[in-house]
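The structure appears right after this line, and notes come after that.
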Amino acid sequence: MVAVEADFGARKISVDLPDHSTVIEFQNPKFLDDPDAEVISALQKPISSPPLAELVRPGMTVAIGFDDPTRPPLPWQTILPKVIDVLTRGGIKDKDISLICANGAHRKWFPDELKRFLGDELFDRFWPIGQVINHDCQNPDGLSLLGTTERGGYVEHNRRFVEADLSIYVGTVSATYVGGYSGTGAVTGLASANSLASHHAHRFWHHPKSTTGDHRTMMYRGMKAEVHDYMEKAMGKRIFYVNSVVGVGGQMAGVFAGYSPEVEAPCWDLADTFSVYPSPQADVMVIGLSNWFAYGEADNTLIAAIGCLNPARIWLNRPILREGGVVIGLNPSAGQIDSTMYPSYQEVIDLYDRHHDISDLAEHELEISSRPDYLDLYENGNSYHPRHPFWLMYIGHYTLQRAAAVIMAGTKNPGAFRKLGITPCRDFDHAWQTATKIVGQSPTTVAAPTFWTRRQFKFDVADA
């Protein structure tokens, strides 16, 4: 046996795995020697677009969308000042520059959180004049309905962003369980709840062409591209993107600017060089779960659950988890949900407990998402939108169906995870015994002990 140090909430634990196990941890690429200079160069020599300075005219209104603080702040604190400097030199006044936190259906962020994310200088410059705002995916006054795509994508997005003379989006590109790689953040981060629901539906998340890490072929990314194309045509202008390709802590390996989709290819090519790891197909996957990742603390039942379920979606060539395999997540989760920050989560979990299949939840999505008490908490209480847990459940459905068992090892609240179809075990040894009863005594084992604390990556699964 080989001892592997794995994330387990706020600490590490040592787990004994078979000697032939494959242990994968994200390894940082070479980072940029001079990120500031590279950002300036990207703005001066963008892909398929004139230089940013040539797009600027005095008196313009400019909207800058940026990924929300579920990500490390370093790229935005590096890029945004350079973008704003170009705008200022071009004659744009501060009162005509909007900084829009693209939180999609995530919660709205408190001022102190936005200040930490943007940095003191930008926040103190733009917040007092009302030019730093949280996107609101629900309030129709702040949204602009542009139409519907051929496949039913509802194109309704942030009004300030849509109606600005110049629309800019600053985001990051890294491996993710939705889309293969992140990018084109305006489509999701600045969308209305109805727009998000049109491409976050169960029929997209669970479609075989979406349960993969291949960004070039997956159905969900194709739907995003369709919405993006419609959005730009309806706006009558292109969106200028500044994408950084990042490693641990948001450190930058590259930065590219220009129009989408052209700007995406070099981002993907660079990310492929350090985000794809060879792996056998697993009988057992072991996933370390830290105390905070994705959308909050792992004491939250649903957040801990997606920590177990979602890594199995990020594969290339063939599925990382064999049919009938086992996933073991490691976390002492309390299985408790903060009803002020995640007000609809528990009700959605309880609904699932009363249904045979996650797909049946779709019948309740509109009803739950229209509840006045939930919407008031979203609008005024910095809570997640009531639709959010439905989408997490849809995404997790793939692994729950593929695996013979998904196990949460170490949870303090066994019943909370049973409601989600996840088997609780008191510790890793008990979980391993349970797994080997299902898959045999010498399973092909793939461990990702720091999957959530370092960076997500793609499993490139070898042929049989």
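The values are calculated or read from the model by the stated rules, or taken from the named source; none is laboratory data. Every value quoted in this text rests on a predicted model; they were computed, and no experiment measured them. Every residue, glycine as well, gets a Cβ built from its backbone with ideal geometry; the counts of neighbours run over all protein chains shown.
Yes/no per residue for (1) under 25 Å from Asp229 (Cα atoms); (2) out of contact with any Lys or Arg (no Cβ under 7 Å at 6 or more places or on another chain):
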| site | (1), (2) |
| --- | --- |
| Ala257 | yes, yes |
| Ser260 | yes, yes |
| Trp268 | yes, yes |
| Thr273 | no, yes |
| Asp283 | no, no |
| Leu289 | no, yes |
| Ala294 | no, yes |
| Ala298 | no, yes |
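Quick check on the stretch 322-341. Is at least one of its residues out of contact with any Leu (no Cβ under 8 Å at 6 or more places or on another chain) and assigned to a helix (DSSP H, G or I)?
Checked the stretch 322-341: no residue is out of contact with any Leu (no Cβ under 8 Å at 6 or more places or on another chain) and assigned to a helix (DSSP H, G or I).
Just the residues that are part of a loop (DSSP other than H, G, I, E, B) and either farther than 20 Å from Ile395 by Cα or free of Cβ contacts under 8 Å to residues at least 24 places away in the same chain (or both), please, taken from the stretch 185-214. First the steps, then the outcome.
Initial filter on the stretch 185-214 (part of a loop (DSSP other than H, G, I, E, B)): 185, 190, 192, 200-201, 206-214.
Those that are part of a loop (DSSP other than H, G, I, E, B) and either farther than 20 Å from Ile395 by Cα or free of Cβ contacts under 8 Å to residues at least 24 places away in the same chain (or both): Leu190, His207, Pro208, Lys209, Ser210.
State whether one or more residues within the stretch 264-284 are touching a residue at least 40 places away in the same chain (Cβ under 8 Å), assigned to a loop (DSSP other than H, G, I, E, B) and of a type in the set (A, V, I, L, M, F, W, C).
Within the stretch 264-284, not a single residue is touching a residue at least 40 places away in the same chain (Cβ under 8 Å), assigned to a loop (DSSP other than H, G, I, E, B) and of a type in the set (A, V, I, L, M, F, W, C).
Do you know which residues across the stretch 46-84 are in contact (Cβ under 8 Å) with a residue 12 or more places away in the chain, surrounded by fewer than 17 Cβ atoms within 10 Å (Cβ to Cβ) and among the charged types (D, E, K, R)?
Arg57
Kindly evaluate His356 against the criterion of being outside any helix (DSSP H, G or I), of a type outside the set (A, V, I, L, M, F, W, C) and free of Cβ contacts under 8 Å to residues at least 24 places away in the same chain.
Values: outside any helix (DSSP H, G or I): yes; of a type outside the set (A, V, I, L, M, F, W, C): yes; free of Cβ contacts under 8 Å to residues at least 24 places away in the same chain: yes.
It is true that His356 is outside any helix (DSSP H, G or I), of a type outside the set (A, V, I, L, M, F, W, C) and free of Cβ contacts under 8 Å to residues at least 24 places away in the same chain.
In this structure, is Gly249 at negative phi and either within 18 Å of the chain's Cα centre (by Cα) or assigned to a helix (DSSP H, G or I) (or both)?
Details: at negative phi: no; either within 18 Å of the chain's Cα centre (by Cα) or assigned to a helix (DSSP H, G or I) (or both): yes.
It is false that Gly249 is at negative phi and either within 18 Å of the chain's Cα centre (by Cα) or assigned to a helix (DSSP H, G or I) (or both).
Which residues, taken from the stretch 95-111, are without any contact (Cβ under 8 Å) to a residue 40 or more places away in the chain, exposed (fewer than 13 other Cβ atoms within 10 Å of the Cβ) and not basic (Lys, Arg)?
The answer is Pro111, and nothing else.
I'd like to check something: does the stretch 441-451 contain any residue that is farther than 21 Å from Pro311 by Cβ and in the same structural domain as Pro332 (by TED's automatic domain parsing)? Step through it out loud before you land on a result.
Pass one, the stretch 441-451, residues farther than 21 Å from Pro311 by Cβ: 441-442.
When the remaining residues are screened for being in the same structural domain as Pro332 (by TED's automatic domain parsing), the result is 441-442.
Yes, because at least one residue in the stretch 441-451 is farther than 21 Å from Pro311 by Cβ and in the same structural domain as Pro332 (by TED's automatic domain parsing).
Has the stretch 428-448 got at least one residue that is under 23 Å from the mean Cα position of the chain (by Cα) and in a helix (DSSP H, G or I)?
No.
Checking the structure you have, find out if any residue of the stretch 234-245 is at positive phi, without any contact (Cβ under 8 Å) to a residue 60 or more places away in the chain and in the same structural domain as Val15 (by TED's automatic domain parsing).
Quick first cut of the stretch 234-245, residues at positive phi only: 236.
If we keep only those that are without any contact (Cβ under 8 Å) to a residue 60 or more places away in the chain as well, we get 236.
Those left that are additionally in the same structural domain as Val15 (by TED's automatic domain parsing): none.
Within the stretch 234-245, none of the residues are at positive phi, without any contact (Cβ under 8 Å) to a residue 60 or more places away in the chain and in the same structural domain as Val15 (by TED's automatic domain parsing).
Name the residues in the stretch 234-259 that are among the aliphatic types (A, V, I, L, M), buried (at least 18 other Cβ atoms within 10 Å of the Cβ) and more than 15 Å from Ile40 (Cβ to Cβ), would you? Walk me through it before giving the result.
First, pick out the residues of the stretch 234-259 that are among the aliphatic types (A, V, I, L, M): 234-235, 239, 242, 245-246, 248, 252-253, 255, 257.
Filter again for buried (at least 18 other Cβ atoms within 10 Å of the Cβ), leaving 235, 239, 242, 245-246, 252-253, 255, 257.
Hits for the stretch 234-259 are Met235, Ile239, Val245, Val246, Ala253.
Given the conditions (1) among the aromatic types (Phe, Trp, Tyr); (2) in contact (Cβ under 8 Å) with a residue 60 or more places away in the chain; (3) surrounded by fewer than 20 Cβ atoms within 10 Å (Cβ to Cβ); (4) closer than 19 Å to Pro69 by Cα, report the number of the one that Tyr177 does not fulfil.
Condition (3) is where Tyr177 drops out.
Select from the stretch 215-246 the residues that are among the β-branched types (Val, Ile, Thr) and assigned to a strand (DSSP E or B) and list them in ascending order. Write out each step before concluding.
Within the stretch 215-246, the first condition is being among the β-branched types (Val, Ile, Thr), and the residues that meet it are 217, 227, 239, 242, 245-246.
Once the filter is applied, which keeps residues that are among the β-branched types (Val, Ile, Thr) and assigned to a strand (DSSP E or B), the stretch 215-246 yields Val242, Val245, Val246.
Out of all the residues in the stretch 32-67, which are farther than 23 Å from Leu270 by Cα, touching a strand residue (DSSP E or B) at 6+ places or on another chain (Cβ under 9 Å) and in a loop (DSSP other than H, G, I, E, B)?
Val56, Arg57, Met60, Thr61
Would you mind stating whether Arg354 is at pLDDT below 95, among the basic types (Lys, Arg), on the phi < 0 side of the Ramachandran plot and out of contact with any strand residue (DSSP E or B) (no Cβ under 8 Å at 6 or more places or on another chain)?
Details: at pLDDT below 95: yes; among the basic types (Lys, Arg): yes; on the phi < 0 side of the Ramachandran plot: yes; out of contact with any strand residue (DSSP E or B) (no Cβ under 8 Å at 6 or more places or on another chain): yes.
For Arg354, the condition - at pLDDT below 95, among the basic types (Lys, Arg), on the phi < 0 side of the Ramachandran plot and out of contact with any strand residue (DSSP E or B) (no Cβ under 8 Å at 6 or more places or on another chain) - is met.
Counting only residues that are in contact (Cβ under 8 Å) with a residue 12 or more places away in the chain, surrounded by fewer than 20 Cβ atoms within 10 Å (Cβ to Cβ) and not acidic (Asp, Glu), how many does the stretch 26-44 have?
7
Among the residues in the stretch 363-377, are any under 30 Å from Pro319 (Cα atoms), under 23 Å from the mean Cα position of the chain (by Cα) and buried (at least 20 other Cβ atoms within 10 Å of the Cβ)?
Step one: of the stretch 363-377, the residues under 30 Å from Pro319 (Cα atoms) are 363, 365.
Of the ones still in play, those that are also under 23 Å from the mean Cα position of the chain (by Cα) are 365.
Restricting the remaining residues to those that are buried (at least 20 other Cβ atoms within 10 Å of the Cβ) gives 365.
Yes: the stretch 363-377 contains one or more residues that are under 30 Å from Pro319 (Cα atoms), under 23 Å from the mean Cα position of the chain (by Cα) and buried (at least 20 other Cβ atoms within 10 Å of the Cβ).
Can you go through Leu392, Leu400 and tell me which one is touching a Gly at 6+ places or on another chain (Cβ under 7 Å), assigned to a helix (DSSP H, G or I) and under 30 Å from His430 (Cα atoms)?
On the way: Leu392 fails: touching a Gly at 6+ places or on another chain (Cβ under 7 Å).
Exactly one of Leu392, Leu400 is touching a Gly at 6+ places or on another chain (Cβ under 7 Å), assigned to a helix (DSSP H, G or I) and under 30 Å from His430 (Cα atoms), namely Leu400.
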